[in-house]
Structures are given as C-alpha cells and as structure tokens.
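Structure record follows, encoded as structure tokens.
Derivation of every value follows stated rules applied to the coordinates shown; laboratory data play no part. From a predicted model like this one, the values you see are computed outputs, not experimental measurements. Cβ coordinates were reconstructed from backbone atoms using ideal geometry, including for glycine residues, and neighbour counts include every protein chain displayed.
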Ligand code: ADP
Ligand code: GN1
Ligand code: MG
C-alpha cells in the first residue's frame, strides 16, 4: 500500500514536500523541505510495541531536557523533540504497518559515516559518554524493553544455531567457514550477561545502538550536539554502548566493505573515542567495566556479525539489504574485525590504563 505522506503530515499540522533521508537499516526516515522536520516510519516488524517505544523516548528526552536546561543549554538542540499530532499523541498510526512519528529537525549539524576523523571519534566519545552520564540517575525500571534480549549475546548464538539447523534458504553449505568461526567464538559470548547476572556489571540506561551516525555533530565546530535514534534506549550495560560504537568507529572501512584487505582495526581510532568517552564517564564506571572495555569491542562486533549471518541464513528479513549478498558481506567484514580486535586486546588495555591514570 502506498502512503499518502501529505495526509500523514497533516496529522502533525505540517504541509511540505518530503524526501528520503539517512542510511539506517531499520526504520524509514524522511525529511520535509520547509519547515524542516524528520518523519519516520517505525519498523513494527522489529519494534513490536511502538507505544511503549515512544513512551521510552518521551521519558528519556524529557529527562535530558531538564538537565540541559539546568546547565543553560538549548534542549531543542541537544536532544530530540517529539512533535505531537493534532490529537496530542506522540505518534500517528495509519494502520498496523504504518506507524509514524515526527521530530524537530536539528539544524546546522552534520552526521558522519565512514569519512570519520579522529576528532569526530573523540567528539562521538564525548557525546555518547555524556549521554550515559546524564542518564546515570534515570530510574532504570521505568523503561520498557523495546527489543527483548537485544544485546544478549548467548541468545544471539542460540538464534544462529537455530537458523543453521533450519537452513531455510539452503545457504548453510555456502557459508560453512563463516559458521565455523562464529561457533568457535561463542565461548566468549556470555562474559557480559554472566557479569550482569552475578551483579559484577551494573545495569544502566544505555543507548544500545551507538553507531557514529546516531550522533549529530555541530556543522561548524564538529562537537557532538545530540544523541539520536533512541529506539533501543533501555536497560543495558555501558559496555554495549562502548563496544558497539567502536565496532564501526575503529574500523578502517565501511561495515559492508567486501575487500577485507582494507578492513582493519585502528587502535588510534579506538584511543580517540575512548579518550572522549572516559572524559565523561571515568567517575561513573566501575573498575570491572573499565577493565572490560577492550573486550566489549570484540564482543559487540562479534554479536553484530552473528546477527548479520543469522539474517542471511533466515532470508534477509531483519536488516535492509541492497544486494543479495549484503548480509553475508557484512558478517564477513565483522568477523575480520573480530580477529584483529582479539589480536589487539592487550594494546587496547594499555591505552585504557594510560587514559585512566
Ligand atoms: P535509523 O533508525 O533508520 O538509523 P535515525 O533516527 O538514525 O534512523 O535517522 C536517520 C538519519 O536521519 C540520521 O543518521 C540523521 O542523519 C538524520 N536525523 C535523524 N533525526 C534527526 C533530527 N532530529 N535532526 C536532524 N537530522 C536527523
Ligand atoms: C541497525 O537502525 P540502525 O541502522 O542505526 C541495528 C543495530 C545494528 C546496526 C548495524 C534496532 O542500526 O543494532 O548494530 O543496524 N538496529 C536495530 O549497522 O537492530
Ligand atoms: Mg540511525
């Protein structure tokens, strides 16, 4: 069914031309022309309860707004502002598959993708670290789990095993080496979940999708302005946010680069992000969390790799793809990084020690 975007926008009292926007793998993002707003169709195959999801975003952005106001900042710029519909809701449901929301457009900002510099990474570290710090006293229990077991790596391994056993697309034989690698690495999958279960790793409010393109940077100064894409903000570990950011942040190539010779782990990129992140969170994080930061980079990259591999085996139903091999290309890319991250864990620990001293 094609959507009448003018009708959707009119529910938010907006009249404007609209075009596609952004490079996300999950939702559909559009931008209006004048005045500028971001319109998004929430992927309800993935986010099963968009009402709870919007409630999380409302709560978290309100909490951040207060903190920004208290220090004299501009809350409309430093966090997302949800636009209400004419009936006062923070979403518009056209039908079960078309669930829309609108945010104020945060102007004079830029997003960074694979063209990132070390300065961008440092600024991103500050941005995600500050986000973590600002939400340190947020009441964790208020948040809904928008995707169940999102960063539960052992559950992700189970899903992979199920996909292998089912082999719906007959693809298992063609990716045997990738599967072997993924299953070999499963031995380290439970480190963070076990730490949380035993109480060694604290549960915090985390973003859980800390790709560098989920931060808006000031177009002039390059400083982090706002953390966006808040769909997965929920209970988690700070290790998820740190590790996931460096999954792409410390790679020398794009997430779907197929020439693996140019996909390398960059320790200087790691250092730049870690400096920014720890400048904001050094006093918030526990000793155990700080010690596990290098490991988290490998863990989250592995987890994302097995998610891509699982989706490939299941017939590409989760991540948007732009070519038939897209998910297996992404998985191989991530596994290449996992190998290099494993080789660099000790060096990463030296960097963290140096920063924290
Ligand atoms: P996805 O879940 O698809 O990744 P995002 O919420 O990250 O969607 O939005 C996609 C892109 O749209 C972002 O990378 C950013 O460039 C842009 N964007 C999103 N929200 C805003 C906003 N409020 N102001 C300006 N740009 C935005
Ligand atoms: C998805 O929506 P986007 O593109 O920011 C995914 C992340 C993955 C990422 C891989 C809700 O993020 O978990 O790490 O793709 N988001 C969800 O690029 O699954
Ligand atoms: Mg995004």
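Computed with the Debye formula from one identical point scatterer per Cα of the stretch 195-267, without solvent, the log10 of I(q)/I(0) at q = 0.19, 0.20, 0.24, 0.25 Å⁻¹ comes to -0.90, -0.95, -1.07, -1.09.
By the count of other C-beta atoms within 10 Å, a proxy for reagent exposure, 312, 92 are ordered fewest to most as 92, 312. Stretching residue 343 away from residue 142 to a fully extended chain increases their span by 68.4 nm, per 0.36 nm per residue minus the current alpha-carbon distance. Sorting 67, 110, 298 by the number of Cβ atoms found within 10 Å of their own Cβ, with the fewest placed first, yields 110, 67, 298.
Considering the stretch 118-355 at the alpha-carbon level, its Rg and Dmax are found to be 17.2, 52 Å. Name the most mobile residue of 141, 231, 95, meaning the one with the largest mean-square fluctuation, in a Gaussian network model of the chain with Cα contacts below 10 Å. Greatest mean-square fluctuation among the candidates belongs to 95. Within the listed set 347, 323, 332, the residue fluctuating most in the Gaussian network model of the chain (springs between alpha-carbon atoms under 10 angstrom) is 323.
Explain nothing, just the number: relative contact order of the stretch 33-183, from Cα pairs under 8 Å at least 6 residues apart, as a whole percent. Please list the in-between numbers first.
Details: 109 pairs, mean separation 39.9, N = 151.
RCO, the stretch 33-183: 26 percent.
When the chain is modelled as a GNM with alpha-carbon springs shorter than 10 Å, which of 139, 50, 75 fluctuates the most? So, out of 139, 50, 75, the one fluctuating most is 139.
Taking every C-alpha pair closer than 8 Å and separated by at least 6 residues, the mean separation divided by the residue count of the stretch 118-355 gives a relative contact order of 29 percent. Evaluated over the Cα positions of the stretch 5-107, the convex hull gives a direction-averaged projected area, one quarter of its surface, of 6.8 nm².
For the stretch 66-178, the direction-averaged projected area of the alpha-carbon convex hull comes to 13.0 nm².
Take 205, 297, 351 and order them by how many other Cβ atoms sit within 10 Å, fewest up front. Kindly include the intermediate steps, with their values, before the conclusion.
On the way: 205 25, 297 30, 351 18.
If I rank by nearby Cβ atoms, fewest first, I get 351, 205, 297.
With r as the distance between the Cβ atoms of residue 89 and residue 279 and R0 = 30 Å, compute the FRET efficiency 1/(1 + (r/R0)^6) and round to 0.05. Walk me through the intermediate numbers first.
On the way: r = 39 Å, r/R0 = 1.29.
Plugging the Cβ-Cβ distance into 1/(1 + (r/R0)^6) gives 0.20.
For the stretch 230-336, the equivalent ellipsoid derived from the alpha-carbon gyration tensor has semi-axes of 27, 17, 10 Å in decreasing order.
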